[in-house]
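The values are calculated or read from the model by the stated rules, or taken from the named source; none is laboratory data. Note that this is a predicted model, so its numbers are computed, not measured. All Cβ positions, glycine included, derive from the backbone under ideal geometry; neighbour counts span all protein chains shown.
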Amino acid sequence: MFLKLDLQSETPIYIQLKMQIIEGIATGSLAPNEPLPSVRQLASDLGINLHTVNKAYAMLKQDGFIIIHRQKGVVVSPSEDIKVTYEYLSQLKSNIKPIITEAFCRGMSIDEFNMICKDIFTTLKSSKTDRR
Amino acid sequence: MKTLIILLIYLTCYIPTLILLAIIPYITRKTVCFGICIPEEAHSNSDIIRIKKAYLNKMILCGILLSIASLFPAIIMRSEDAYSFLPAGILLMVAIMYIFYFKSRNQVKYIKSKMNWVNESSQVIIVDTSFRNKKHIASPMWFMLYVLVIIITIISAYVLYDTIPNRIPSGWNFNGEVKGWMQKSYASLLWAPMVQTFLMIVMVLSYWMIGKSKQIIDPANPRKSSDQNRSFRYMWSIYIIITGFVLTIMICSLQLSMFGFIKNKLVITILPLASVFCIVVAALILSIITGQSGSRLFTNKAAPSSDSKISSRDDDIYWKLGLFYYNPDDPSIFIEKRFGIGWTNNWSRPISWILTFGLLAFITGFIVLSNTLVK
């Protein structure tokens, strides 16, 4: 897949990198077990610090999206390994709370909020079926 | 004979080199002009077209005058020393190229600031995660052919040792006459395999550099750009492997002439010249076909998702004089050149200096060693 980083964005580069790879897995542009470039190679291709890439990879590994083998290098986790876990659920709740709070504060209804969620879900789903 | 050789040298070395130097602005990426980042649309700007044309004309005119001037001594002087002007002519040609380059570069820089081409849109970097999983470089197994030739060279020297005359030539002049002699010994027979091994090391290093170098993908059209970049590397890695192989075989045949198995003067002078000619012309043709970073490949393919709004990042500040890349924040060691075809170093990385000085020391050591062997 093509990773696209915006150097002028306010989002830190390691977050951009992490989100791009998760999006790649979600839409199918990164297949299960697909090899990813090594930390050194990716940092050199992007022209950014090694630690930035390391940080993104470490977070992805922690969350179960990628596996870092000593010999085989970095690969995307098999699809059965990427699932909803108990920790993920609690993390999701705490992450989404401030977003919903703000929407609620601005007077958004549940349906309006659900609509947006639905839109994003369908876009992801359709780009996944497009690949197949 | 002498005029023929001079004419041959002129055709094989001067003309292709001159063409290669003169067409550089036309084979670089569309987003770079004389080492300055410009928008792709700017290529149809009349001033840019004029600067490129002026460079081409000046380069060809000066190159032709210079090559005639440096060939002149070789034609009128009888002494062999006259030939030493020939490589100097090539060096002068490169020096003149840089003078014209700096002049044109300043003009482009001026136009860029006047037209306000400074990149204000977002600065985006694109990387293909599967770049090195797809075909991007020829197999390193081809280097086994080199090893094979080197082994044949060594074995042939030792098998034929008794039939080799006691006095063997250590060099020839341009007319194919023997310049010096040396005594036959097992050590002096090592000369050819040593040069071959040295050559192989240099070629393997270049090959490694092609594979390692940073991928630069045009955000306006990532897929096409990635394909271009990979094909470019693949084609040039093959060029590197073939060039080294031709030279390795040439050295093997040189050894056979040293042993007196090849006596034909014409073969001794023509063969190296023909090899050099093929290598230089192949480089010229390949440069025109691929362009820097493959920018001239697949140009007929329509850009499906061309988004001219996103442009690549303007990294002029990291390119000192437009020639030397110095970016301490970039961990990459090798990067594609901005003027010309090929790759260069990131000079902010200590490994670049270690490699450069290491190679220089290696070459010096090699010359010293081969001189002691020949004596």
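Of the numbered criteria (1) within 22 Å of B:S225 (Cβ to Cβ); (2) surrounded by 16 or more Cβ atoms within 10 Å (Cβ to Cβ); (3) of a type outside the set (A, V, I, L, M, F, W, C); (4) out of contact with any strand residue (DSSP E or B) (no Cβ under 6 Å at 6 or more places or on another chain), the one A:S9 fails is (2). Scanning region B:133-142 for residues that are surrounded by 15 or more Cβ atoms within 10 Å (Cβ to Cβ) and within 16 Å of B:K212 (Cβ to Cβ) gives B:H136, B:I137, B:A138.
Mind listing whichever residues of region B:328-361 are hydrophobic (A, V, I, L, M, F, W, C) and exposed (fewer than 14 other Cβ atoms within 10 Å of the Cβ)? Those that are hydrophobic (A, V, I, L, M, F, W, C) and exposed (fewer than 14 other Cβ atoms within 10 Å of the Cβ): B:I351, B:W353, B:I354, B:F357, B:L359, B:L360, B:A361. Within the option set A:A26, A:A58, being under 10 Å from the mean Cα position of the chain (by Cα), over 26 Å from B:S213 (Cβ atoms), more than 7 Å from every other protein chain (Cβ to nearest Cβ) and surrounded by fewer than 20 Cβ atoms within 10 Å (Cβ to Cβ) holds for one residue only, A:A26.
I'm trying to understand the selection: among the residues of region B:312-327, which are within 14 Å of chain A (Cβ to nearest Cβ), over 16 Å from B:I125 (Cβ atoms) and buried (at least 17 other Cβ atoms within 10 Å of the Cβ)? Of everything in region B:312-327, just one residue is within 14 Å of chain A (Cβ to nearest Cβ), over 16 Å from B:I125 (Cβ atoms) and buried (at least 17 other Cβ atoms within 10 Å of the Cβ), namely B:W319.
Of the residues in region B:216-231, none is in contact (Cβ under 8 Å) with a residue 40 or more places away in the chain, within 16 Å of the chain's Cα centre (by Cα), part of a helix (DSSP H, G or I) and within 14 Å of another protein chain (Cβ to nearest Cβ). Exactly one residue out of B:A283, B:A220 is out of contact with any Cys (no Cβ under 7 Å at 6 or more places or on another chain) and surrounded by fewer than 20 Cβ atoms within 10 Å (Cβ to Cβ): that is B:A283. Name the strands (runs of 3 or more DSSP E) wholly inside region B:106-203 in which the number of residues that are modelled with pLDDT under 80 and outside the structural domain of B:E40 (by TED's automatic domain parsing) is 2 or more. Output list reads B:167-172, B:178-183.
For every residue, the table says whether it meets (1) under 24 Å from B:K337 (Cβ atoms); (2) loosely packed, with under 14 Cβ neighbours inside 10 Å; (3) without any contact (Cβ under 8 Å) to a residue 40 or more places away in the chain.
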position: B:Y10; (1), (2), (3): no, no, no
position: B:C13; (1), (2), (3): yes, no, no
position: B:L20; (1), (2), (3): yes, no, no
position: B:I24; (1), (2), (3): yes, no, no
position: B:G35; (1), (2), (3): yes, no, no
position: B:E40; (1), (2), (3): yes, no, no
position: B:A88; (1), (2), (3): no, yes, yes
position: B:I99; (1), (2), (3): yes, yes, yes
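Condition (residue is more than 30 Å from B:S348 (Cβ to Cβ) and within 14 Å of chain B (Cβ to nearest Cβ)) applied to region A:86-103: is it met by at least one residue? Checked against the condition, which is being more than 30 Å from B:S348 (Cβ to Cβ) and within 14 Å of chain B (Cβ to nearest Cβ), region A:86-103 yields no hits at all.
Only helices (runs of 4 or more DSSP H) whose full extent lies in region B:1-67 are considered here, and the ones with at least 3 residues that are within 22 Å of B:G294 (Cβ to Cβ) are B:15-22, B:24-27. Confirm whether B:I168 is more than 24 Å from B:N371 (Cα to Cα), touching a residue at least 24 places away in the same chain (Cβ under 8 Å), of a type outside the set (K, R) and surrounded by 16 or more Cβ atoms within 10 Å (Cβ to Cβ). In short, no. Go over the candidates A:D45, A:D81 one by one and state the one that is surrounded by 12 or more Cβ atoms within 10 Å (Cβ to Cβ), of a type in the set (D, E) and within 14 Å of another protein chain (Cβ to nearest Cβ). When all the criteria are applied, what remains is A:D45.
Of all residues in region B:1-54, those satisfying the criterion of being hydroxyl-bearing (S, T, Y) and more than 19 Å from B:A282 (Cα to Cα) are B:T3, B:T31, B:S44, B:S46. For region A:103-132, residues that are in contact with a Gly (Cβ under 9 Å, 6 or more places away or on another chain) and assigned to a helix (DSSP H, G or I) total 5. None of B:L61, B:L71 is at pLDDT 90 or above and not hydroxyl-bearing (S, T, Y) except B:L61.
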